[in-house]
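The values are calculated or read from the model by the stated rules, or taken from the named source; none is laboratory data. Remember, predicted model here, so these are calculated numbers, not experimental data. Cβ sites come from the backbone with ideal geometry, for glycine too, and all protein chains shown count toward neighbours.
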Amino acid sequence: ITKSIGQNLGAKYRGHFPTAASLVGRPEHSWNRFGRCLIGIALSGCEVDSLKFERDITLALKKTEIVKNIPRAARKIATRWAAESVEILKRSAASLQRSGKGRHSANLSKNIAMETRLAGEDLHVAVGTGVGPAKNVIYARIQDEGGTIRKKDKRLTIPLGDTKGIIANFPDGFFVESAAGNVLYCQRVGKRGKLKPLFVLKDEVTLPPTYWFSGPMRRQREDLDRLLEPDYLFMQAEVMAAGQGGNEG
């Protein structure tokens, strides 16, 4: 600043300072809380005692405050997105039970949660089963992707109709072989003792894919990419900065 002003004034007041290098500048900077920077420069050896000029840097300060809020805005967006994803996944899992595609989907929908944690400047967000307080559900993936289930030493017991629970819940039942050659676990019900099949025993069972998880999360991922676009993120940080300014005032 001294050099620039010295060159300009040297051309105008040539008799008072022969070269710009002969100027002795004493910069004095002061800031006020309304975003103005006052800079005073005193020059010796000339008739001009001092020069003062003022520049409004309010806009620059506002932009700086907005940039500082970008990480907070990103965390807020990601946390809100994760909470919304949990609710969408719970509804998706519950729909399996209503459609009969998922025998254990009631337990599945109860064990979907979210977890957020900061690692340095990185925000990690997890959504799904076995996350945070939710229990791990071993069949969650195969319910989504489909596949064949087998047991090494035992046969699978597949509930039939409206049967809930496991064979141990029906101690008065017994095994019979159907005309088709299937092994059924049944019990007698009603006054006439009608035979009611409860479970069928299988060596393996193949589940079709339901995409209860991957389907909704594919759409949620697209939403998250949109929410974290620079322009939208900057706009959210700007809103947060404006709120902070209002609180301080």
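Side notes on the structure shown:
- Looking across the range 133-143 at every residue that is assigned to a loop (DSSP other than H, G, I, E, B) and of a type outside the set (S, T, N, Q), the one that is farthest from ASP203 (Cα to Cα) is identified as PRO133.
- Note on the range 192-204: residues that are exposed (fewer than 13 other Cβ atoms within 10 Å of the Cβ) and in contact (Cβ under 8 Å) with a residue 40 or more places away in the chain total 2.
- Among the residues here, PHE175 does not qualify as within 30 Å of LEU228 (Cβ to Cβ), modelled with pLDDT of 90 or more and of a type in the set (A, V, I, L, M, F, W, C).
- Leading residue by the ranking (farthest from LYS90 (Cα to Cα)) among those in the range 144-166 that are in contact with a Phe, Trp or Tyr (Cβ under 7 Å, 6 or more places away or on another chain) and either modelled with pLDDT under 90 or not in a helix (DSSP H, G or I) (or both): THR157
- Test: residue in the range 208-219 that is out of contact with any helix residue (DSSP H, G or I) (no Cβ under 9 Å at 6 or more places or on another chain) and over 30 Å from LYS76 (Cβ atoms): yes
- Restricting the range 158-185 to residues that are of a type in the set (A, V, I, L, M) and surrounded by 10 or more Cβ atoms within 10 Å (Cβ to Cβ) leaves a set whose member that is farthest from VAL205 (Cα to Cα) is VAL176.
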